[in-house]
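The values are calculated or read from the model by the stated rules, or taken from the named source; none is laboratory data. On a predicted model such as this, the values are computed, not experimentally measured, just so you know. Note: ideal-geometry Cβ built from the backbone for every residue, glycine included; neighbour counts use all protein chains shown.
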């Protein structure tokens, strides 16, 4: 696939920081993470994200 276009985005700092944190969790650059988000998350990543959110909620409810 030929890459011949650029997209420039203006993001709020909070959103950019959140995306950078997520990209770091998957060991990806911010650019690659955004590309993957734009294409569409594969089912496995969506499942992992949902499980992480559930784990976070459980940890908060049990005081961990």
Cβ-Cβ under 6 Å, sequence separation 6+ or interchain: first residue in the stretch 1-26 and without any contact (Cβ under 8 Å) to a residue 12 or more places away in the chain and on the phi < 0 side of the Ramachandran plot, partner in a helix (DSSP H, G or I) and surrounded by 10 or more Cβ atoms within 10 Å (Cβ to Cβ). Which pairs? 20/30; 23/30; 23/33
What helices (runs of 4 or more DSSP H) completely inside the chain contain at least 1 residues that are surrounded by 11 or more Cβ atoms within 10 Å (Cβ to Cβ), modelled with pLDDT of 90 or more and in contact with a helix residue (DSSP H, G or I) (Cβ under 8 Å, 6 or more places away or on another chain)? 13-25, 30-39
